[in-house]
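*Asks:* Here it is, the structure, as structure tokens.
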Amino acid sequence: MLQEWMTEAGWWSELLVAALMLLAGFVAAIWLFRLFKRVLRRYKNPALRRVAGFVQYPLKVLVLLVALNFVRLRFQGVLMEGLDLGQLFYVLFLAVLSWLAIAVVKAVKEVILLSYDLGVADNLKARKIHTQLKVFERIVVFLILFFFVVTVLLSFESIRQIGVSLLASAGIAGIIIGFAAQKSISMLLAGFQLAITQPIRLDDVVIVEGEWGRIEEITLTYVVVAIWDKRRLVVPVNYFIERPFQNWTRQTAEILGTVFIYVDYGFPVPALREFMTQALADNPHWDGKVNVLQVTNATENTMELRALASAKDSGTAWDLRVKLREDLIEFIRVNYPQFLPRKRVQMEEGGR
């Protein structure tokens, strides 16, 4: 068959046609991509230009695959007699389309996130959008890959027959798998609930297991908390559904910093209150909203003074507290050292 085709049909002309088809596919892929970039450039939106970076490779491969498929159809009965590559091309098309769909999902996510900067001071809405989109992106990518695998498996006749023969036992197998994967399924459901209700968001400041940190990563099964000393605490997602924890930035990033000072009973509190106002005015970490000094407790030895001051976020509040504590202690040490905490012992005459 091949020898007859080479002598009668002119094998060189057929190969030239095949080469021209592939070249046309390559040129079409480049041209379509440039056209796509030109259309996006007309909107004068830099965010849309990033879409081209995500879809360029799957789009080019798709066009080339279409051209290669035309070559296959033309020479199927000549060079590849008895060999059917239709199944292979079907799987390749599904793979490239899935790749393109995932690229589109990632491009849409990136375009939306460019409008929500996490670096601003009041980033509550930005953290909410970042959390939702990143979790939903993982869900959509998982579904695309799942449908790709299912569609490929169902395209094989032998696998379909096996599936029909095992259908009778599928119910029992499903029950067994359900019990075995109970914890995994519960974590996945907790991940969905976390994305919708959002008790935590990316960059939230939380106290988990007694550790202060920020939410660094949220997946469908676990959450990564970046602790202040650069450690990472990995927590299952259902922890934030089933157990209590502190979220310092649930509604706003603003927070109150607290400093406790202990002094003798004779200490003049109004003098320290006046100095605290001056100290906060010179403190770059204070946001100018809250300035309170109160006597919050009294023991048999000392008075407890609580200083409250506000800051724009928890990190700034820590620096504010440290500096304010230094200033208050230094003021007492220099001006009223006699009223530092002390132990009193009363001696009686004639005592033994």
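*Asks:* Taking Phe275, is it surrounded by 17 or more Cβ atoms within 10 Å (Cβ to Cβ) and more than 45 Å from the chain's Cα centre (by Cα)?
*Replies:* no
*Asks:* Can you tell me how many residues within region 261-286 are outside any loop (DSSP other than H, G, I, E, B) and touching a strand residue (DSSP E or B) at 6+ places or on another chain (Cβ under 7 Å)?
*Replies:* Applying the first criterion (outside any loop (DSSP other than H, G, I, E, B)) to region 261-286 yields 261-263, 269-281.
Then keep just the ones that are touching a strand residue (DSSP E or B) at 6+ places or on another chain (Cβ under 7 Å); that gives 261-263, 269, 272-273, 276-277, 280.
Looking only at that region, the number is 9.
*Asks:* Next up: Does Ala95 qualify as being modelled with pLDDT of 70 or more, under 36 Å from the mean Cα position of the chain (by Cα) and surrounded by fewer than 17 Cβ atoms within 10 Å (Cβ to Cβ)?
*Replies:* Numbers: modelled with pLDDT of 70 or more: yes; under 36 Å from the mean Cα position of the chain (by Cα): yes; surrounded by fewer than 17 Cβ atoms within 10 Å (Cβ to Cβ): yes.
Criteria met by Ala95.
*Asks:* Please go through region 307-345 and give me each residue that is touching a residue at least 40 places away in the same chain (Cβ under 8 Å) and aliphatic (A, V, I, L, M), ordered by number.
*Replies:* Within region 307-345, Ala307, Leu308, Ala309, Ala311, Ala317, Leu320, Leu324, Leu328, Ile329, Ile332, Leu340 qualify.
*Asks:* Going through Leu220, Leu189 one at a time, which residue ends up being open to solvent by 70 Å² or more (accessible area, probe 1.4 Å), out of contact with any strand residue (DSSP E or B) (no Cβ under 9 Å at 6 or more places or on another chain) and not in a strand (DSSP E or B)?
*Replies:* Testing whether each residue is open to solvent by 70 Å² or more (accessible area, probe 1.4 Å), out of contact with any strand residue (DSSP E or B) (no Cβ under 9 Å at 6 or more places or on another chain) and not in a strand (DSSP E or B) leaves just Leu189.
*Asks:* Step by step: first the residues of region 299-315, then only those that are among the acidic types (Asp, Glu) and in a loop (DSSP other than H, G, I, E, B), then the one that is nearest to Ala281 (Cα to Cα). Which residue is that? So that I can check it myself, show each step before the final result.
*Replies:* Initial filter on region 299-315 (among the acidic types (Asp, Glu)): 300, 304, 313.
Add one more test, that the residue is in a loop (DSSP other than H, G, I, E, B), and what stays is 300, 313.
Numbers: Glu300: 34, Asp313: 18 Å.
Out of the qualifying residues, it is Asp313.
*Asks:* Anything in region 249-272 that is more than 30 Å from Ile200 (Cα to Cα) and open to solvent by 50 Å² or more (accessible area, probe 1.4 Å)? List them, or say none.
*Replies:* Listed by number, the residues that qualify are Tyr262, Tyr265, Pro270.
*Asks:* Which residue pairs have Cβ atoms closer than 8 Å, lie 6 or more positions apart in sequence or on different chains, and pair a first residue in region 224-246 that is at negative phi with a second residue that is among the β-branched types (Val, Ile, Thr) and open to solvent by 20 Å² or more (accessible area, probe 1.4 Å)?
*Replies:* From region 224-246, the pairs are Val224/Val234; Val225/Val234; Pro236/Thr221; Val237/Thr221; Phe245/Ile207; Gln246/Ile207.
*Asks:* Sticking with this one: From the set of residues in region 316-338 that are among the β-branched types (Val, Ile, Thr) and surrounded by 18 or more Cβ atoms within 10 Å (Cβ to Cβ), which is nearest to Ile261 (Cα to Cα)?
*Replies:* Ile332
*Asks:* Here's something else I'd like to know. Taking Leu233 and the conditions (1) open to solvent by less than 60 Å² (accessible area, probe 1.4 Å); (2) under 19 Å from Gly288 (Cα atoms), which numbered condition does it fall short on, given that it satisfies the others?
*Replies:* All conditions are met except number (2).
*Asks:* Moving on. Looking only at region 288-315, how many residues end up being crowded, with 18+ Cβ neighbours inside 10 Å and either over 18 Å from Glu254 (Cα atoms) or in contact with an Asp or Glu (Cβ under 8 Å, 6 or more places away or on another chain) (or both)?
*Replies:* Restricting attention to region 288-315, the residues satisfying the condition of being crowded, with 18+ Cβ neighbours inside 10 Å are 293, 302-303, 305, 307, 309-314.
From the residues that got through so far, the ones that are either over 18 Å from Glu254 (Cα atoms) or in contact with an Asp or Glu (Cβ under 8 Å, 6 or more places away or on another chain) (or both) too are 293, 302-303, 305, 310-313.
Going through region 288-315 one residue at a time, the tally reaches 8.
*Asks:* Of the residues Gln161, Gln132, only one is modelled with pLDDT of 65 or more and part of a helix (DSSP H, G or I); which?
*Replies:* Exactly one of Gln161, Gln132 is modelled with pLDDT of 65 or more and part of a helix (DSSP H, G or I), namely Gln132.
*Asks:* Here's something else I'd like to know. Does at least one position in region 65-80 carry a residue that is modelled with pLDDT of 80 or more, open to solvent by 70 Å² or more (accessible area, probe 1.4 Å) and among the aromatic types (Phe, Trp, Tyr)?
*Replies:* Going residue by residue through region 65-80, those that are modelled with pLDDT of 80 or more are none.
Looking through region 65-80, none of the residues is modelled with pLDDT of 80 or more, open to solvent by 70 Å² or more (accessible area, probe 1.4 Å) and among the aromatic types (Phe, Trp, Tyr).
*Asks:* Just to be sure I understand the filter: pairs with C-beta atoms under 9 Å, separated by 6 or more residues or on different chains, first member in region 106-120 and part of a loop (DSSP other than H, G, I, E, B) and at pLDDT 75 or above, second member surrounded by 11 or more Cβ atoms within 10 Å (Cβ to Cβ) and polar (S, T, N, Q). Which pairs pass?
*Replies:* Every condition considered, the pairs that remain are Tyr116/Asn123.
The values are calculated or read from the model by the stated rules, or taken from the named source; none is laboratory data. If you're wondering where the values come from, they're calculated on a predicted model, not measured in any experiment. Neighbour counts run over all protein chains shown; Cβ positions are idealised from the backbone, glycine included. Protein only, heavy atoms only, side chains kept; ligands, DNA and RNA dropped before computing areas. Shrake-Rupley method; radii C 1.70, N 1.55, O 1.52, S 1.80 Å.
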